Amino acid sequence: MIKIAKFGGSSVADAEQFKKIRAIVSSDTDRRFVVVSACGRRGKGDSKVTDLLYLVSAHLNYQVSCDDLLADIESRYVSIAEELGLSYPIHQEFAAFAKDARAGRLSTECLVSRGEYFTARLMAEYLELPFLDAAEVICFHHDGTLNWELTETKIRERAPQGGFVLPGFYGATRDGQIKLLDRGGGDISGAILAKCLHADLYENWTDVSGFLSADPRIVDNPDSIGRITYSEMRELSYMGASVLHEEAIFPVREADIPIVIKNTNRPNDPGTVIRESAGASDTEPIITGITGKRDFVAVHVMKSHMCDEVGVLRQTLSVFERYRVSVEHIPTGIDSFAVVVQGKDVKDSLWSIVADIKRDVQPDEIKVSDKLALISTVGRNMVGRPGVSGSLFAALGQEGISIRMIAQGSEEINIIVGVHDDDFGRAIRAIYSAFSDGSHILELHELKR
Ligand code: ASP
């Protein structure tokens, strides 16, 4: 079995974290392919090495001394090497790098990539695995896009079969120029590797035990999500839950390789498994998660006999299009509909949009309601299951929360309700408690009637 274990910045922040990683890697013989980010924050107020390196580059561009910054970065690597008794000549290597940087011999991308490079060098020695430079195997076209074909070939040719440590976040063009992926791109490197090695599992080690079913600032101790599908994850992340890098998901999703989000500081927590299809048993949770966002605006358009008239909706939507405002939802009635958009998108244009609709569509009435919060209850297991929306609306009713809008995605994996911004937290708590026993999300066989 092949597992790719990618460790994020906080997982490699200092020697203590390195020790945790060694324990994790040595506890499973399938974990031999390791990808690391650059050392991240060791706590509040600390800096990520990648940010410091960007700062070094800016200082050099403006010819301001960056000696302190470089010394600061070096000391992080040196203390890891010393504490772990590593023999990698970090002093000399770092000094050579600093000299090249000061002399302006490194591009910003090359300079910044050294964060993951040095982390991976130290980690490779500590885990007693070979170091594999990403510049040799992760290949880019000159326009900065990934050259998949070449990357696959290089990995096949160069990657030691028995395992290795690869620095994330960068690769190189055919002529050896270092290129970076997006910020947070270590996740993408791990996914690329998982796909090219036909891995069975992509483990993404971080500082949380997977995804939570609700925002812990709103719901006390929300249950964690055991399994989630990609579509559910998109629904949850779109409305605000922060999840993996979109590009990191794409290669593994395509290859149907499951991803598991694990916590380096609590390796025994089960974490969250992300996979296209999830099981269908009675012990599956009724809902997967609840998320939402405040500050939407609904523009209601009323026109009698609208249903016999062709083009009203199109004319209205083209007004929004003209102002480049993306439309979120369009709840419709017989002679009316509403167009729901994000408040921030119409901050300056709302009244011009209303005026244009009046002119182009000539409605009987047009009304704007703002301070609309949308809450999305997401769950693959809701599909075709009676009683779920009933419980949800009953919970809001019992809380005395008025529902201003209802929508359901066409895949039926979410139910969206619109409430007043002021009811946002209360509504999420009410929905959460309708589907939980106080601490855990209920399973299908426990659906409250
Ligand atoms: N070190 C890079 C960053 O901070 C990439 C990563 O951590 O994945 O964005």
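Where a number appears in this text, it was derived from the coordinates with a stated rule and is not lab data. For clarity, every value in this text was computed on a predicted model and none was experimentally measured. Heads up, the Cβs are rebuilt from the backbone with ideal geometry, glycines too, and the neighbour counts pull from every protein chain shown.
Kindly list, by first and then second residue, each pair from a residue in the range 29-53 that is farther than 13 Å from ARG76 by Cα to a residue that is in a loop (DSSP other than H, G, I, E, B) and within 10 Å of the ligand (Cβ to nearest atom), limited to pairs with Cβ atoms under 6 Å and residues at least 6 apart or on different chains.
Short answer, once both residue conditions are applied: VAL35/GLY168; SER37/GLY8; SER37/GLY168.
Would a scan of the range 28-43 turn up a residue that is assigned to a helix (DSSP H, G or I) and either within 15 Å of the ligand (Cβ to nearest atom) or hydrophobic (A, V, I, L, M, F, W, C) (or both)?
no
So which residues in the range 50-96 are within 16 Å of the ligand (Cβ to nearest atom) and of a type in the set (Phe, Trp, Tyr)?
Selection gives TYR54, TYR77.
Quick grid of which residues meet (1) outside any loop (DSSP other than H, G, I, E, B); (2) of a type in the set (Val, Ile, Thr); (3) loosely packed, with under 15 Cβ neighbours inside 10 Å:
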residue	(1), (2), (3)
LEU236	yes, no, no
GLU247	yes, no, no
ILE261	yes, yes, no
ASN268	no, no, yes
VAL273	yes, yes, no
VAL301	yes, yes, no
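Select, from GLU149, GLU157, the only residue that is more than 16 Å from the ligand (Cβ to nearest atom), farther than 20 Å from LYS3 by Cα and among the charged types (D, E, K, R).
It is GLU149.
Here are the criteria: (1) more than 22 Å from the chain's Cα centre (by Cα); (2) within 16 Å of the ligand (Cβ to nearest atom). Tell me which single one HIS141 does not satisfy.
Answer for HIS141: the failing condition is (2).
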